[in-house]
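Here's the structure we're looking at; comments come further down.
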Amino acid sequence: MGKPSDIERIKSASRHLRGTLLESLANPITGALRVDDVQLLKFHGGYQQDDRDVREARRVAKLEPAYIFFVRLRLPGGVLTPRQWLAMDDTARRFGTHGIRMTSRQTIQVHGIDKRNLRAAVQNIHASGLDTIAACGDDNRNVVAAVNPLLSAVHAQIHEQAQALSLHLRPQSRAWFETWLGEPATDGSEPEPLLGDAYMPRKFKIGFAVPPENDIDVYSQDVGLVAIIEDGQLAGYNVLVGGGMGASHGDAKTYPRMASLIGFITPDQVTALSVATLTIQRDHGDRSDRKHARFKYTVDDKGLPWIKAEIERRAGFTLQRQRPFRFTQRGDRFGWREGDDGRWHLGLRIPFGRVHDDGKTTRQAGMREIAALLAEHAPDAQIRLTPNQNAFIAGVPGELRAAIDAITAKHDLDLYRSETPLGLNVIACVAFPTCGLAMAESERWMPHLVPKLQGLLDQHGLHDEPLDVRVSGCPNGCSRPYLAEIALIGKAPGRYNLMLAGDHRGQRMNAVYRENIDEPAILTELDALFVRFAAEREGGEHFGDFCARTNVVTPPAEREVTP
Ligand code: SRM
Ligand code: SF4
C-alpha cells in the first residue's frame with residue numbers, strides 16, 4: 001500500500017476530530033471553514049457546500065462562493081418521535097433553506113445553513129434527543145433497518161439492534177459535544193478504542209433487511225444482515241459482506257459491487273460480527289487511495305474465504321450455514337395498513353424525500369400538522385423514514401386516521417392515492433444545486449422527466465407498470481442506481497449513461513446500454529424498448545428481467561439467495 005492520503009494526516013492530527021473547528025466556526029471573515037476542518041466536520045454530521053446555481057456569477061463578481069452547510073442526523077432505523085419531527089421542522093425553518101430532505105439512508109438532511117447558524121442548528125437538534133455524530137465521514141454511517149410496518153414485534157426488535165449497533169460503533173471522542181454543545185474543551189487524549197486515532201479508511205455502512213422486503217437494498221451495504229424469521233420469531237441473520245455502489249466514470253478499478261453471502265449468525269452475535277468486520281476494514285482498508293478504500297475492494301483484494309475466516313477469528317465464533325430466504329419486493333408499501341399490534345401505519349410517497357413548502361406544495365406544513373396531532377394525542381406514534389426517501393406515519397390509533405387523512409389531502413401528501421407505480425417508485429439523489437460532486441441534474445430534473453416516462457408507458461399500454469427507475473447526478477450512486485431496472489447516471493450537464501436490466505428486488509445489477517446521451521435520446525431509446533417489452537414480455541415479467549432475458553444488455557449474474 002502506498003503513502004497515506006492527506007485525509008489520513010488530517011484525521012490523525014485532529015486530536016480525535018477536534019482540529020481547529022471551533023476557530024473556524026468563529027471566524028467572521030469567511031463563510032467557509034479551514035480546509036482541514038471541512039474534512040473533520042463530516043465526522044460531526046455536517047458538510048460544507050456552496051450554492052452551485054450562483055457559483056459562476058459570484059466568481060465573476062470576485063466574491064467567495066456562497067458557502068452553505070448541511071447537517072445530517074444519525075438516525076438508526078430512521079425512527080423519529082412526533083416531537084423530534086417538530087424539532088427538525090423547526091431547525092429547517094429557522095436555519096435551513098430547502099426544507100427537510102429525507103435521504104436514501106433513512107435520515108434527514110437540513111441544507112442551506114449559514115456557518116453562523118450551524119451551532120444553533122445542531123443545538124436545536126440535540127435538544128430533541130437527537131445527534132448528528134458520524135452521520136458523514138470515515139466512520140460507521142447511519143445503520144439502516146427495514147421499515148415493514150406489518151410485523152410490529154420483529155420490527156421493534158430489529159430496530160433496537162440497529163440502534164444499539166449504531167451507538168456501539170459511534171466514535172467515543174467528546175469532540176462533538178465540545179464543538180457544538182459547549183462542553184469544556186479537553187486535549188483530545190480520550191481513547192478511541194474501536195475506530196482508532198485515524199478512524200476508518202472510508203465510510204462503512206451496515207443495514208438490516210427483513211424478507212420478503214429488500215427496502216434497504218441489502219446487497220449495497222458493506223455489511224448486510226438479512227433477518228431470518230422462523231415461527232414468527234427472529235432466529236438470526238444471514239450475513240452479507242462487501243456491497244457498495246460508488247464508482248468513477250472511466251476508471252475501471254472502481255466499480256459497484258453486490259455484497260456476498262457468507263453465513264448465518266444468531267441475534268446475540270450481531271455486535272461481535274459487526275466489530276470484527278469493521279476492524280478488518282480499519283486494519284486492512286487502503287488508506288493511500290480513497291477511490292480504493294471501501295470494504296468491497298478489501299473483500300476482493302483479500303478474497304472472500306480470507307475475509308470470512310478473519311471475521312470468525314476476530315469474532316470468536318464460526319458462522320453457521322446460511323438459511324433460505326426470499327425477497328419479493330423492495331419498494332415501500334403505501335397507504336394504510338394495520339400492524340399486528342392493532343395500530344395503523346400510513347405509508348406516504350414524498351417525491352425524492354423533499355419536504356418543503358415551495359409555493360406549489362405545502363408538504364412541510366402538512367407533516368408538521370401530522371406531527372403536532374400525534375404529539376398531542378399519540379406521542380408514542382412514530383415517523384419512520386424509509387431508505388427510498390419516503391415516510392411512514394407509524395403506530396397510529398385508529399381514531400386518528402380520519403384527521404390524518406384530512407391533513408394529507410390538504411397538503412398534497414396523499415400522492416399514494418393518485419400516483420402511478422412509476423411515480424411511486426422513482427428515486428433520485430440530491431445533485432444540484434448543493435452537491436459539489438454533481439455532474440448533471442437529478443432531483444430537480446424529475447418533475448420534467450417522470451411525466452414523459454409515464455407518457456411513454458401509457459402509449460404502450462403499460463400505465464401501471466411498476467418500473468424501478470433510479471437517477472444519480474454522478475456515478476457515486478447515492479440513489480443506489482446500479483441495482484435499478486432503469487438507471488440514469490449523470491455524465492455532464494444534461495447527459496447521462498442509460499443502464500438497464502437490474503431486477504426489481506435488488507438482486508441483480510444493471511449494465512450500461514447507452515453512454516452519454518441527452519433527454520430526447522433517453523426517451524427515444526426507452527420508447528423502442530417499451531414497444532418490444534409490451535409485445536414480447538412473458539407472463540408478468542418485469543422490465544429489468546425482460547432486458548436481461550432478451551440480452552438487451554448482459555448484466556452481471558444474479559445473487560444466489562437460497563443456498
Ligand atoms: Fe451519497 C457523497 C448525498 C446516500 C454513495 N452523497 C455524497 C455527498 C455528501 C457529496 C459529497 O461528498 O460532496 C452528497 C451530498 C449531496 C447533498 O447536497 O445533499 C451525497 N448520499 C447522499 C444522499 C443525501 C442522497 C439522497 O438523495 O438521499 C444520501 C444520504 C445518505 C445518508 O443519509 O447517510 C446518500 N451515498 C448514498 C448511498 C446510498 C446508501 O447509502 O444506501 C450511496 C451508495 C452506497 C455506497 O456507499 O456505496 C452513496 N455518496 C456516495 C459516494 C460514493 C462512495 C464510494 O464508495 O465511492 C459519495 C462520494 C464519496 O464518498 O466520495 C457520496
Ligand atoms: Fe451528489 Fe453524485 Fe451523490 Fe448525486 S450521486 S448526491 S450527484 S454525489
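Somewhere in segment 535-543, is a residue crowded, with 16+ Cβ neighbours inside 10 Å, away from ligand 2 (no atom under 16 Å from the Cβ) and touching a residue at least 12 places away in the same chain (Cβ under 8 Å)?
The answer is yes; a qualifying residue exists.
Of (1) free of Cβ contacts under 8 Å to residues at least 60 places away in the same chain; (2) out of contact with any helix residue (DSSP H, G or I) (no Cβ under 6 Å at 6 or more places or on another chain); (3) not β-branched (Val, Ile, Thr), Pro171 satisfies all except one. Which?
(1)
Quick check, is Arg18 touching a Pro at 6+ places or on another chain (Cβ under 9 Å), more than 18 Å from Lys203 (Cα to Cα) and either outside any loop (DSSP other than H, G, I, E, B) or basic (Lys, Arg) (or both)?
No.
Can you work out which of the residues in segment 461-475 that are in contact with a His (Cβ under 9 Å, 6 or more places away or on another chain) and either open to solvent by 20 Å² or more (accessible area, probe 1.4 Å) or more than 16 Å from ligand 2 (Cβ to nearest atom) (or both) is nearest to Ala440 (Cα to Cα)?
The extreme case among them is Asp468.
For segment 137-146, indicate whether the set of residues that are away from ligand 1 (no atom under 16 Å from the Cβ) and basic (Lys, Arg) is non-empty.
No, that holds for no residue.
Going through Val147, Val110, Val154 one at a time, which residue ends up being assigned to a strand (DSSP E or B) and within 22 Å of Asn390 (Cβ to Cβ)?
Just a single option satisfies the conditions, and that option is Val110.
Could you please find all residues in segment 338-356 being buried (at least 16 other Cβ atoms within 10 Å of the Cβ) and more than 23 Å from the chain's Cα centre (by Cα)?
Gly339, Arg343, Trp344
Out of curiosity, is Asp458 farther than 30 Å from Gly250 by Cβ, of a type in the set (D, E, K, R) and either away from ligand 1 (no atom under 11 Å from the Cβ) or in contact with a Pro (Cβ under 7 Å, 6 or more places away or on another chain) (or both)?
Yes: the conditions hold for Asp458.
Scan Pro556, Pro520 and give me the residue that is closer than 30 Å to Arg321 by Cβ and surrounded by fewer than 19 Cβ atoms within 10 Å (Cβ to Cβ).
Result: Pro556 is the single residue among Pro556, Pro520 that is closer than 30 Å to Arg321 by Cβ and surrounded by fewer than 19 Cβ atoms within 10 Å (Cβ to Cβ).
Which residue pairs have Cβ atoms closer than 7 Å, lie 6 or more positions apart in sequence or on different chains, and pair a first residue in segment 439-462 that is of a type in the set (D, E, K, R) with a second residue that is in a helix (DSSP H, G or I) and within 15 Å of ligand 1 (Cβ to nearest atom)?
Partner pairs satisfying both residue conditions: Glu443/Phe352.
Give the residues of segment 476-497 that are open to solvent by less than 10 Å² (accessible area, probe 1.4 Å) and either farther than 15 Å from Ala247 by Cα or near ligand 1 (Cβ under 10 Å from one of its atoms) (or both), sorted by residue number.
Selection gives Gly477, Ser479, Pro481, Leu483, Ala484, Glu485, Ile486.
The values are calculated or read from the model by the stated rules, or taken from the named source; none is laboratory data. Predicted model only: the values in this text are computed from it and were never measured. Note: ideal-geometry Cβ built from the backbone for every residue, glycine included; neighbour counts use all protein chains shown. Each accessible area value is taken on the protein alone, full model and side chains, heavy atoms only, with ligands, DNA and RNA left out. Shrake-Rupley method; radii C 1.70, N 1.55, O 1.52, S 1.80 Å.
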